[in-house]
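Visitor: Mind looking over this structure? Questions follow.
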Amino acid sequence: SRQRVAILENAYNIIETETLNAIGSLTFTLPFDDPKNAYCKQMHYARWDDGNENGTLYRILTSTTDRAAGGSITYECEHVVATLLDTSMIGFHTLGGVGYYTRNVLQYILARQTVAHWTLGDCDFTRQFEYGFEQENLLSALFSVPTCFAQDYIWTYNTDTYPWRISLKALNTTAAPALYIRAAKNM
């Protein structure tokens, strides 16, 4: 139901990996005897806020137990955009072309979700390319749409509200950076 059930205040060894235009990952460890391990079940969601107001949402994939030295359980998670891997486009789908813009293609793909977790937010592109998909999962189909663009792009996600929003934004690689690395803070 996506309702908060626990705050994992004893989590440590938290490693968040964000890769441009790919599925991000998160790993964290809890002491073996922490009662909140009961909430960390496979396919449940975990939000990592990294000091930010809203944070990033992940789903738990696997856990590994280490019983040495008091014991711990390490959880491996993937960004919730990976929920689009759960549904495939059955058969062959041809779409796009003149008068059928990038936004329409992305909406067509997202409309194939078994559970409508995602809606389309912003789309900075108005290309009219033709696409063909055969027996492809929705995330692969979605991520393949801008690969033929001559301009740099970035997928952005908003998981603060449900259904979640995915946006395809133009990426300006010559702009001044909006984030900076600070020693002992986010480095």
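Visitor: Identify which of Leu26, Leu61, Leu110 has the largest mean-square fluctuation in a Gaussian network model of the chain, with springs joining Cα atoms closer than 10 Å.
Guide: Leu61
Visitor: State to the nearest 20 debye the size of the charge dipole of the range 32-81 about its Cα centre, where the only charges are +1 on K and R beta carbons and -1 on D and E beta carbons.
Guide: Charge dipole of the range 32-81: 220 debye, to the nearest 20.
Visitor: Under 12 Å from the Cβ of Asn21, count the other residues' Cβ atoms, weight Lys and Arg +1, Asp and Glu -1, and hand me the total.
Guide: Counting the neighbours of Asn21, the net charge comes to -1.
Visitor: Here's another thing I want to ask about it. Amide H to amide H, which residues 5 or more places from Gln128 or on other chains are under 5 Å from it, using H placed in the peptide plane?
Guide: none
Visitor: Report, by chain and number, residues whose modeled amide H sits under 5 Å from the one on Glu136, excluding near sequence neighbours (fewer than 5 apart, same chain).
Guide: Distant-sequence amide H within range of Glu136: Met89.
Visitor: Please state the charge dipole magnitude for the chain, taken about the Cα centre, from unit charges on C-beta atoms (+1 on K and R, -1 on D and E), reported in debye and rounded to the nearest 20.
Guide: 260 debye
Visitor: Oh, and also: In whole angstrom, how far apart do the alpha carbon centroids of the range 1-46 and the range 87-117 sit?
Guide: The range 1-46 and the range 87-117 have Cα centres spaced 31 Å from each other.
Visitor: Once the dipole of the chain is set up with Lys and Arg at +1 and Asp and Glu at -1 on Cβ about the Cα centre, which of Ala111, Gly91, Gly71 lies farthest towards its positive end?
Guide: Ala111
Visitor: To continue, here is another question. Accessible area per residue, 1.4 Å probe, Å², for the chain: what's the number?
Guide: 60 Å²
Visitor: Along the charge dipole of the range 1-55, pointing to its positive end and built from +1/-1 on Cβ of Lys, Arg, Asp and Glu, which listed residue (Leu30, Ile15, Val5) has its Cα farthest out?
Guide: Going by the Cα projections, it comes out as Val5.
Visitor: What part of the accessible area of the range 27-154, given as a whole %, is carbon or sulfur when the probe is 1.4 angstrom?
Guide: On the way: 3200 of 6710 Å².
Using a 1.4 Å probe with all protein chains present, the range 27-154 comes out at 48 percent carbon and sulfur.
Visitor: If you don't mind, there's one more thing I want to ask. Summing Lys, Arg as +1 and Asp, Glu as -1, what charge do residues with Cβ under 10 Å from the Cβ of Asp122 carry, Asp122 excluded?
Guide: Residues close to Asp122 contribute a combined charge of +2.
The values are calculated or read from the model by the stated rules, or taken from the named source; none is laboratory data. Model, not experiment: these values are computed from the prediction. Cβ: placed from backbone, ideal geometry, glycine included. Neighbour counts: every protein chain shown. Areas reflect the complete protein model, heavy atoms only, side chains present, ligands, DNA and RNA absent. Shrake-Rupley method; radii C 1.70, N 1.55, O 1.52, S 1.80 Å.
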